[in-house]
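Below is one structure; the comments refer to it alone.
The values are calculated or read from the model by the stated rules, or taken from the named source; none is laboratory data. These figures come from a predicted structure and were not determined experimentally. Cβ atoms come from the backbone with ideal geometry, glycine included; neighbour counts cover every protein chain shown.
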Number of protein chains: 2
Amino acid sequence: MSKFAWVTLTTNDTYSLGALVLAHSLKRAKTAHQLAVLVTPNVSQAMRDRLNEVYNVVQEVNVLDSQDAANLALLSRPELGVTFTKLHSWRLVQFEKCVFLDADTLVLQNCDELFEREELSAAPDVSWPDCFNSGVFVFKPSVDTFAQITEFAVKNGSFDGGDQGLLNQFFADWSTADIKKHLPFVYNVTAYASYCYLPAFKQFRDKIKILHFAGKLKPWLIQFNSETKVASVSSEYAHAQDLIQLWWNIFCENVIQSLSTEMAGLAGAL
Amino acid sequence: MSKFAWVTLTTNDTYSLGALVLAHSLKRAKTAHQLAVLVTPNVSQAMRDRLNEVYNVVQEVNVLDSQDAANLALLSRPELGVTFTKLHSWRLVQFEKCVFLDADTLVLQNCDELFEREELSAAPDVSWPDCFNSGVFVFKPSVDTFAQITEFAVKNGSFDGGDQGLLNQFFADWSTADIKKHLPFVYNVTAYASYCYLPAFKQFRDKIKILHFAGKLKPWLIQFNSETKVASVSSEYAHAQDLIQLWWNIFCENVIQSLSTEMAGLAGAL
Ligand SMILES: O=c1ccn([C@@H]2O[C@H](COP(=O)(O)OP(=O)(O)O)[C@@H](O)[C@H]2O)c(=O)[nH]1
Ligand SMILES: O=c1ccn([C@@H]2O[C@H](COP(=O)(O)OP(=O)(O)O)[C@@H](O)[C@H]2O)c(=O)[nH]1
Ligand SMILES: [Mn+2]
Ligand SMILES: [Mn+2]
């Protein structure tokens, strides 16, 4: 068995749909490595059973919450306090190295080469590119590091109230120390934002390895016509139509058949 | 006299207003280095006289245009073909090293340390951060380099039709080769885009050294009330109010008195 693992997190049954699609995208891309998912007590037993079918490890963890309403309001994302729960990833010490992937990411091509990178490697965030985006990052599990980051969090909080601000404060030299720790942007292309610069998107489209549906509009929240199998995207996001469709194709081909009607109903408009 | 220079470009009298404000912002920040501006034949003699009052060098150059309508349409910026004219900067061989600044930038703090960097140093672009933004960059004048880039441009064009795509193709290893060539983002903060991530903006606000009004909304196009001295910004850009106001403060305090009514009238709503 590989000593390396892809790790994600879900705190409820809805984000779990993302985790299921993500796992299948990794398998389609023929990864040689293991899959691990952290779940919080809120995730139903039925959903854990589904996750177990595709993840090698389904690990229950308790919720860590930044409780930082003020900064989360600036982001208009009150729900992101719980992303501190991500920190539990460092406790997966049965693995030598891991890559964390948000549950709202989708792997388009094999990316096993990411395990050659060191902690903490990540791609720049589109809004403030001297920060890394914490939706995709390479790390080395270690109870010591876990303790250091949580202690740091208690002392300093997070400048954005979520895990991204915290991890950027902790791994503060990311932007200046080592170019090798800058993952190419194709490993974490934020599906909606990058269309600000359509020519670049066109130029690099075929090289995209990991898509990230960062932001409020998650693919599972989008209207989907179960007869035509087409996701109907509002005009504002029309440019992202084919990417959202891709998520739904995997959902339909690999995920939906194992779900109860109720579970599948958590996705948009099924 | 310093062997180093700040360099900008203007192809018409309107962008020249930006160049004038930029020069005064550099002087307010007490730069020790020279100021040079490239002007194309379209810039009026009266405006050149104004530029001469604050720039050490006012150099006429001919227009270089990418003529790439298709890619510029993707950007919705047909006017950016002429930004190829920027390439003439490499011909300012009377200087040992230069920093190019777009005419829509504003220097908030002394940045003379930029001249310690090597060619080609630049900050990441917010839309596709493996590309650098070509509104601020350190370069070394050289007729050889000028010839190489123009030859490259003729052969390969530019993936976005503007100078940014071209320079990124030419200096293609920027994103992977040397972290020292990644200018910190505070040297080129794109005034409108960065508000997507308000907590980061709040966190780093006082460290901003150069602001860049990239995009269609240039400060000189914004409604300004000449009695109250307040720039009236539409709600969409309300978050950028104080930055736009800053541009107008410099315009009112240092620039307007030297302009004829007609020249001043090129700015928004005077
Ligand atoms: O209520 C939540 C919010 C977030 N997450 C996890 O934390 C990650 C980060 O949150 P999100 O992707 O919504 O943030 P964004 O990428 O939009 O900033 C998610 O992908 C999930 O893995 C979760 O499980 N439940
Ligand atoms: O019609 C034009 C367009 C551009 N420029 C110069 O080229 C730079 C780049 O264009 P702009 O700043 O409009 O591009 P953006 O930063 O918005 O992408 C400007 O700052 C000016 O120095 C110019 O002189 N005339
Ligand atoms: Mn995400
Ligand atoms: Mn500009």
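Residue A:71 meets all of the listed conditions (1) within 27 Å of residue A:95 (Cα to Cα); (2) crowded, with 21+ Cβ neighbours inside 10 Å but one, namely (1). Taken over the stretch A:112-130, residues that are within 14 Å of chain B (Cβ to nearest Cβ), more than 14 Å from ligand 3 (Cβ to nearest atom) and either surrounded by 24 or more Cβ atoms within 10 Å (Cβ to Cβ) or within 14 Å of residue A:25 (Cβ to Cβ) (or both) amount to 3. Taking (1) under 28 Å from residue A:81 (Cα atoms); (2) touching a His at 6+ places or on another chain (Cβ under 9 Å); (3) in contact (Cβ under 8 Å) with a residue 40 or more places away in the chain in turn, residue A:212 satisfies each apart from (2). Is it true that residue B:125 is charged (D, E, K, R) and under 26 Å from residue B:248 (Cα atoms)? Against the criterion (charged (D, E, K, R) and under 26 Å from residue B:248 (Cα atoms)), residue B:125 qualifies. Working only within the stretch A:76-106, note down all residues that are part of a loop (DSSP other than H, G, I, E, B) and touching a helix residue (DSSP H, G or I) at 6+ places or on another chain (Cβ under 6 Å). Hits for the stretch A:76-106 are A:103, A:104.
State whether the residues of the stretch B:57-76 include one that is modelled with pLDDT of 95 or more, farther than 30 Å from residue A:203 by Cα and in contact with a Cys (Cβ under 7 Å, 6 or more places away or on another chain). Checking the stretch B:57-76: not a single residue is modelled with pLDDT of 95 or more, farther than 30 Å from residue A:203 by Cα and in contact with a Cys (Cβ under 7 Å, 6 or more places away or on another chain). Looking only at residues that are surrounded by 14 or more Cβ atoms within 10 Å (Cβ to Cβ) and either of a type in the set (Ser, Thr, Tyr) or in a loop (DSSP other than H, G, I, E, B) (or both) in the stretch A:43-64, which one is nearest to ligand 1 (Cβ to nearest atom)? It comes out as A:43.
A search for C-beta distances below 8 Å between a residue of the stretch B:163-187 that is more than 24 Å from residue A:172 (Cα to Cα) and within 10 Å of another protein chain (Cβ to nearest Cβ) and any residue that is β-branched (Val, Ile, Thr) and in a helix (DSSP H, G or I), counting only pairs 6+ apart in sequence or on different chains, returns B:164/B:83. Applying the condition of being over 19 Å from residue A:162 (Cα atoms) and in contact with a Lys or Arg (Cβ under 7 Å, 6 or more places away or on another chain) to the stretch A:90-106 and asking which residue is nearest to ligand 2 (Cβ to nearest atom) yields A:97. Among residues of the stretch A:120-144 being within 16 Å of ligand 1 (Cβ to nearest atom) and polar (S, T, N, Q), the one that is nearest to the chain's Cα centre (by Cα) is A:134. Taken over the stretch B:207-250, the residue count meeting the criterion of being in a helix (DSSP H, G or I) and modelled with pLDDT under 90 is 9. Restricting attention to the stretch A:73-81, does a residue exist that is more than 14 Å from chain B (Cβ to nearest Cβ), within 16 Å of ligand 3 (Cβ to nearest atom) and under 26 Å from residue A:183 (Cα atoms)? For the stretch A:73-81, residues more than 14 Å from chain B (Cβ to nearest Cβ), within 16 Å of ligand 3 (Cβ to nearest atom) and under 26 Å from residue A:183 (Cα atoms): absent.
Selection of the stretch B:251-263 for residues being buried (at least 17 other Cβ atoms within 10 Å of the Cβ) and part of a helix (DSSP H, G or I) yields B:251, B:254, B:255, B:256, B:263.
May I ask you to verify whether residue A:97 is at the interface with another protein chain (Cβ under 10 Å from one of its Cβ atoms), surrounded by fewer than 20 Cβ atoms within 10 Å (Cβ to Cβ) and in contact (Cβ under 8 Å) with a residue 60 or more places away in the chain? Taking the combined requirement at face value, the residue does not satisfy it.
Inspection of the stretch B:139-162 finds no residue satisfying the criterion of being buried (at least 24 other Cβ atoms within 10 Å of the Cβ), in a strand (DSSP E or B) and within 14 Å of another protein chain (Cβ to nearest Cβ). Against the conditions (1) more than 14 Å from chain A (Cβ to nearest Cβ); (2) free of Cβ contacts under 8 Å to residues at least 40 places away in the same chain, residue B:109 satisfies every one except (2). Considering the stretch B:107-129, the residues that are part of a strand (DSSP E or B) and touching a Pro at 6+ places or on another chain (Cβ under 8 Å) include one that is farthest from ligand 2 (Cβ to nearest atom), namely B:124.
I'd like to check something: does the stretch A:192-207 contain any residue that is touching a strand residue (DSSP E or B) at 6+ places or on another chain (Cβ under 9 Å) and more than 9 Å from every other protein chain (Cβ to nearest Cβ)? No. Considering the stretch B:70-97, and only residues there that are farther than 20 Å from residue B:12 by Cα and among the hydrophobic types (A, V, I, L, M, F, W, C), the residue that is farthest from ligand 4 (Cβ to nearest atom) turns out to be B:93. Got at least one residue in the stretch A:41-48 being away from every other protein chain (no Cβ under 14 Å), within 16 Å of ligand 3 (Cβ to nearest atom) and not charged (D, E, K, R)? Within the stretch A:41-48 (the criterion being away from every other protein chain (no Cβ under 14 Å), within 16 Å of ligand 3 (Cβ to nearest atom) and not charged (D, E, K, R)), the answer is no, since none of the residues qualifies. Might you check whether a residue that is touching a Cys at 6+ places or on another chain (Cβ under 9 Å), of a type in the set (Phe, Trp, Tyr) and farther than 26 Å from residue B:197 by Cα occurs anywhere in the stretch A:211-232? Within the stretch A:211-232 (the criterion being touching a Cys at 6+ places or on another chain (Cβ under 9 Å), of a type in the set (Phe, Trp, Tyr) and farther than 26 Å from residue B:197 by Cα), the answer is yes, since at least one residue qualifies. Within the stretch B:163-180, track down each residue that is among the acidic types (Asp, Glu) and not in a helix (DSSP H, G or I). Residues satisfying the conditions are B:173, B:178. Does any residue of the stretch B:218-230 turn out to be farther than 24 Å from residue A:186 by Cα, away from ligand 2 (no atom under 16 Å from the Cβ) and hydroxyl-bearing (Ser, Thr, Tyr)? Yes: one or more hits.
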